[in-house]
Amino acid sequence: MDHLLIAPVVLPALVAPFIIMAVRHHIDLQRIFSVASAVLLAAISVTLAAKAADGSVYVYELGDWPAPFGIVLVLDRLSGMMIVLTALLALPVLLYAIGSGWDTRGSNFHALFQFQLMGIMGAFLTGDAFNLFVFFEVLLIASYGLMIHSGGTRRFQAGVQYVVFNLLGSTLFLFALGTLYAVTGTLNMADLAVKVAQIPAEETALLRVAAVLLLLVFAIKAALLPLHFWLPSAYANAPMPVAALFAIMTKVGAYSILRIYTLVFGPEVEATNGLTQSWLLPAALLTLLAGAIGVLGSRKLGRLAAFGAISSMGTLLIAISLFTPAATAAALYYLVHSTLAAALLFLVADLVIERQGRWILPQLPMPQSGLISALFFAAAIALAGMPPLSGFLGKLLVLDATRNDTMATWIWGVILVGSLITILGMARAGSQLFWKGHGLPQETADEPGEVPAVAAPVAQLPFVACFGLLFGLVVLTVFAGPATRYAEATAAQLFTPTAYIETVLGTEAE
């Protein structure tokens, strides 16, 4: 595969400093290089995913050092799917930021955006647990800069809370990695899978500690209750295009759970078998309910979208927590859907906020109200899981995959009730914003000047970005059959990691 496998990490890592050093004072050039990088990144990602679609596993050894001694990047079906999703999300979000002018409201937006993509791509491609930590830190630094973009006291306070909470997660991550290395002598994921399986049962106490610490770290990243408190304020107060990109960041936590707990601490590892599943499922059920109730009780559009993202993460983690091929396949399909749906809702929320403020109250007519209301309706039914969009199919897949589980009654009940509550919350918000055309939004602004003039010029590029995401949801619905088959093949590859281990280590796994 030559050097193509490292390109999704290297490309944004090169473009970001180039933007800072060469064109930092020319916003048009920044936009050109940033969009060109995003388009090229999407093409590279699709090419890589196509190569891995037949079940092949590809390894890139940095410095030509073989695993487990050197750092490796690994491409399989799962990582290929995730980098394509990231690239195809980044492009419309970037176009929205440019069209709405968000990229001009602070410094270095495009450079930070590229660094953010570098961290996300690296997290999905790395085959080394320590480098997963490194890319998590790249994510944290870049996301903090993006989150406080354009400034403001409220945004800065939410950013500090976000950083402190995630630094706690990073500290736990280091403790977990140190413990894991002390027990196994390696942090290469494939090598860990071999070493962990060889540890005698009576010597697995520290191994179990490491497994639990890692799950806590990934639960923080995935906003799993009760470790989700950082997300509503952070996402609600971040610039909405940034929050839309952040829709993929919680999926980094879900991806890490899938990767580590099928490869390293798989169901066949007796020492950790049942250790995580016993509380991951109840926490996921509570996360779904908390998100749905938050949607119903939200008074601001940003928090509505943020709690919608939490609710969708609850549904996703319910499927992941079962650790069966069928449930994992359903989770992968729903993962793609929920990322696109959450991002769309954040962008639509920004369209409304830019015209008449962030509060969910009866409003005066605004420019292109009919078009925005249609987009809000589409995003709402997608995130709530109503037909005809892919959210309905995703939830059906999750329900079908869990019907034989001992907790099936609870799972079905919580998903259905959570969906109903989410529908009610979205309907309440939509009726307030688009049907009850009386009241003055200027009276409810949080800060002076927060609500722009209704007669402000209306850009078209933000609508192109929103319809691009909606088109992605439609494609996922129309091609649900092929997408589901790909998810099933990916799940099968995850639960039979022999090819992954042998390819990375260059030898037969024992």
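The values are calculated or read from the model by the stated rules, or taken from the named source; none is laboratory data. On a predicted model such as this, the values are computed, not experimentally measured, just so you know. Positions of Cβ are backbone-derived with ideal geometry, glycine not excepted, and every protein chain shown enters the neighbour counts. These area figures cover heavy atoms from the full protein model, side chains too; ligands, DNA and RNA do not enter into them. Shrake-Rupley method; radii C 1.70, N 1.55, O 1.52, S 1.80 Å.
Computed values, structure above
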{"read-out": "Approximate spin-label separation residue 404-residue 3, in nm, with each point projected 7 Å along Cα-to-Cβ", "value": "4.9 nm"}
{"read-out": "Total formal charge among the other residues, if their Cβ is under 13 angstrom from that of residue 122, Lys/Arg +1 and Asp/Glu -1", "value": "-2"}
{"read-out": "The stretch 83-147 versus the stretch 169-202: alpha-carbon centroid distance in Å", "value": "28 Å"}
{"read-out": "Nitroxide proxy distance, nm - points 7 Å out along Cα→Cβ at residue 205 and residue 164", "value": "3.5 nm"}
{"read-out": "Potential lengthening between residue 150 and residue 61 on full extension [0.36 nm per residue; Cα-Cα distance subtracted]", "value": "28.1 nm"}
{"read-out": "In degrees, nearest ten, helix 390-402 long axis to first principal axis of the chain (Cα)", "value": "40 degrees"}
{"read-out": "Under 15 Å, Cβ to Cβ, from residue 79 - net charge with Lys/Arg +1 and Asp/Glu -1", "value": "+1"}
{"read-out": "Neighbourhood net charge (15 Å Cβ-Cβ; Lys/Arg +1, Asp/Glu -1) for residue 384", "value": "+2"}
{"read-out": "Label-point gap, in nm, between residue 432 and residue 499 - each point 7 angstrom along Cα→Cβ", "value": "5.0 nm"}
{"read-out": "Ellipsoid equivalent to the stretch 326-399 - semi-axes via the Cα gyration tensor, in Å", "value": "30, 11, 9"}
{"read-out": "Dipole in debye (nearest 20) - the stretch 38-153, about Cα centre, beta carbon charges: Lys, Arg +1; Asp, Glu -1", "value": "340 debye"}
{"read-out": "Carbon and sulfur %, accessible surface of the stretch 35-189 computed with the full protein complex present, 1.4 Å", "value": "69 percent"}
{"read-out": "Normalised per residue, the volume of the convex hull around the Cα set of the chain (Å³)", "value": "127 Å³"}
{"read-out": "Square roots of 5 times each gyration tensor eigenvalue, C-alpha, the stretch 117-229, largest first, Å", "value": "31, 16, 9"}
{"read-out": "Between the stretch 477-493 and the stretch 29-81, the alpha-carbon center distance in angstrom", "value": "21 Å"}
{"read-out": "Accessible solvent surface per residue of the stretch 43-154, calculated while the other protein chains remain in place, 1.4 angstrom probe, Å²", "value": "31 Å²"}
{"read-out": "Violating pairs (Cα-Cα greater than 28 angstrom) within the set 251/395; 251/300; 195/395", "value": "195/395"}
{"read-out": "0 to 90° range, to nearest 10: angle between helix 7-22 axis and the chain longest Cα axis", "value": "50 degrees"}
{"read-out": "Dipole of the chain [Lys/Arg +1, Asp/Glu -1 at C-beta], most positive-end residue of 178, 205, 7", "value": "7"}
{"read-out": "Exposure of residue 77 as accessible area (Å², to 10), given a probe of 1.4 Å and all protein chains", "value": "40 Å²"}
